[in-house]
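Accompanying notes for the structure given below.
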Amino acid sequence: MTALESTAAYARTLDEQDPLREFRGRFLFPRGNSGEEAVYLVGNSLGLQPGSVRTAVERVLGEWEMLGVAGHFEGAHAWLASYGRVAESMAGLVGARPSEVAVMNGLTVNLHLLMVSFYRPTPARFRIAVEPLPFPSDLHAVRAQARFHGYPAEQAVVEIPPRPGEATLRTEDIEEFFRREGASVALLMLGGVNYYTGQAFDMGRVCAAARAAGCAVGLDLAHAAGNIPLSLHDWGPDFAAWCSYKYLNGGPGALAGCFVHERHAAKPDLPRFAGWWGQSVAERFAMGPHFTPAPGAAGWQVSNQPPVMLAALEASLALFHEAGLDRLREKSVRLTGYCEALLDGMRSAPFTVITPRDPAARGAQLSLRFPAGGREVFDRLARAGIVCDWREPGVIRVAPVPLYNSYTDVFRFAAALRAALA
Ligand SMILES: *Cc1c(COP(=O)(O)O)cnc(C)c1O
């Protein structure tokens, strides 16, 4: 990076040339007590509110007011029709066929529902493989599933180890793990982008390696959906789940995504925790005593879903389709690369970036690991109006989100970090 390139003026030039710059104005930025717009770099934790969400939510409140229960079926936006529409919109963002996706519940709930069907342990093959340092909720869920089937969690759950001294996993080592140990693994439950390191796995190769060893494969895409290009159908995991309140900006507690591969679409005998919403619309309202799951991911639904939350999510997903996933990814690679270049320019910095340098192996996040003193640096950043986050042990995460972050945001973060380190 040249001296010119490390100036605020250069960041402004990059913003002027950004073909997606107008999307920033369509989001609501938090203003702290000072009243000044925050430099918001935690879209990987809770995405910002699109301005269009309020209108969409108020529309549903109005329908409820005017139509009552008829709102399910009547009006321009009958709630019943919105389930399939939102699932289809979501499918387009994760590289799935429409019937492979349902929008329902929360992420961890979906993981459990899907593991009920796809974690089928036997005494010879009961282990669940996970990446190092998975998100705690995933760890609680896989351990609970193992115990539910009568296997001790300490023996059942195995973290695929990185090489000594390395924070991230190499794809060839994951492949080697499945060649060596796959026969005892019932399920690979992988965070497609790890929340701590920001590493994006080569999910196609990893799915292939695990499936070749006879393992079921589930992906947690909490940090991947809306962040990196996904080809769920082609990669061929058995199932996947993700939340919609991080990069997808669906709002706090938003309805989560659920993917079940087409090859399982018509298997009514798979064990599953059934509820009336998992049936076809006709059967659901026929109120009969027998349960026949709807084909595809819809057959894993349990309860009716909240139209207010669906409306928020639908409004948000529309922005992704409008901006275009290719253009978002292109900007994301540039924006995160720009952040990395500014960090590289900090001589004798007391942190290391543990996120892979290869853009193909990461999304919109960089994780800065501090052997010591990181918390103090983080607190100084917060006082300077930079919203990023702190994850134990020792990591500051920053996520420049291409839909609404600017190069100037990243510049201001880097300047504040430099000041905090001084
Ligand atoms: C954010 C996140 C969660 C949170 O789970 P919820 O059920 O949405 O509360 C779980 N797993 C991963 C990998 C996450 O990133």
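From the alpha carbon centroid of segment 81-124 to that of segment 1-73 is 27 Å.
Since only S45, A87, A141 are under comparison, the one whose Cα sits farthest along the positive direction of the charge dipole of segment 30-182, derived from C-beta charges on Lys, Arg, Asp and Glu, is A141.
When the chymotrypsin sites (Phe, Trp or Tyr not before Pro) in segment 1-86 are filtered for DSSP coil states and for at most 12 other beta-carbon atoms within 10 Å of their beta-carbon, the remaining sites are F73.
Here the relative contact order of segment 358-418, from alpha carbon pairs under 8 Å that lie six or more residues apart, stands at 37 percent. Which loop GluC sites (Glu not before Pro) in segment 117-183, with loop taken from DSSP, have no more than 13 other Cβ atoms within 10 angstrom of their Cβ? The qualifying sites are E166. Counting only DSSP beta bridges with both residues in the chain, the antiparallel share comes to about 60 percent.
When +1 charges are put on Lys and Arg Cβ atoms and -1 charges on Asp and Glu Cβ atoms, the dipole computed for segment 50-132 relative to its Cα centre reaches about 480 debye. Label segment 107-242 by shape, choosing from rounded, prolate and oblate, from the square roots a ≥ b ≥ c of the eigenvalues of the Cα gyration tensor; if a/c is under 1.5 it is rounded, and otherwise prolate applies when a/b is larger than b/c, oblate when it is not. Taking the square roots of the gyration eigenvalues as a ≥ b ≥ c, segment 107-242 is rounded. Centre-to-centre, using Cα atoms only, segment 175-211 and segment 335-390 are separated by 26 Å. Taking the Cα centre of the chain as reference, the dipole from Cβ charges on Lys and Arg (+1) and Asp and Glu (-1) amounts to some 520 debye. Between amide H atoms placed 1.01 Å from N, distances below 5 Å from Q49 occur with L28, all of them 5 or more places distant or on a separate chain. Taking amide H as placed 1.01 Å from N in the peptide plane, E159 has its amide H under 5 Å from the amide H of V130, each at least 5 places away in sequence or on another chain. Summed over the residues of segment 107-242 and divided among them, the accessible surface reaches 36 Å² per residue at a probe radius of 1.4 Å. In a reduced charge model with +1 at each Lys and Arg Cβ and -1 at each Asp and Glu Cβ, segment 107-242 shows a dipole moment near 380 debye about its Cα centre.
Positive-end ranking of W277, F23, P123 along the dipole of the chain, with charges on Cβ about the Cα centre, is headed by P123.
Look at the Cα gyration tensor of the chain: its axes a ≥ b ≥ c give a/c of at least 1.5 with a/b at or below b/c, and that counts as oblate. Loop by DSSP (not H, G, I, E, B), at most 16 other beta-carbon atoms within 10 Å: where is the longest site-free stretch of the chain for trypsin sites (Lys or Arg not before Pro)? Longest run free of exposed loop sites: 171-346.
With both partners inside segment 107-242, how many of the DSSP beta bridges are antiparallel, as a percent to the nearest 5? Percentage antiparallel, nearest 5: 10. Oblate is the label for segment 353-422, because a/c, from the alpha-carbon gyration tensor with a ≥ b ≥ c as root eigenvalues, is 1.5 or above and a/b does not exceed b/c.
Based on Cα contacts under 8 Å between residues 6+ apart, segment 179-232 shows a relative contact order of 46 percent.
Our summary gives the chain a relative contact order of 23 percent, counting only alpha carbon pairs under 8 angstrom and 6 or more residues apart.
The values are calculated or read from the model by the stated rules, or taken from the named source; none is laboratory data. Being a predicted model, the structure only gives us computed values, none of them experimental. Reconstructed Cβ throughout: ideal geometry from the backbone, glycine too, with neighbour counts over all protein chains shown. The protein model used for the area step is the full one, side chains on, heavy atoms only, and it has no ligands, DNA or RNA in it. Shrake-Rupley method; radii C 1.70, N 1.55, O 1.52, S 1.80 Å.
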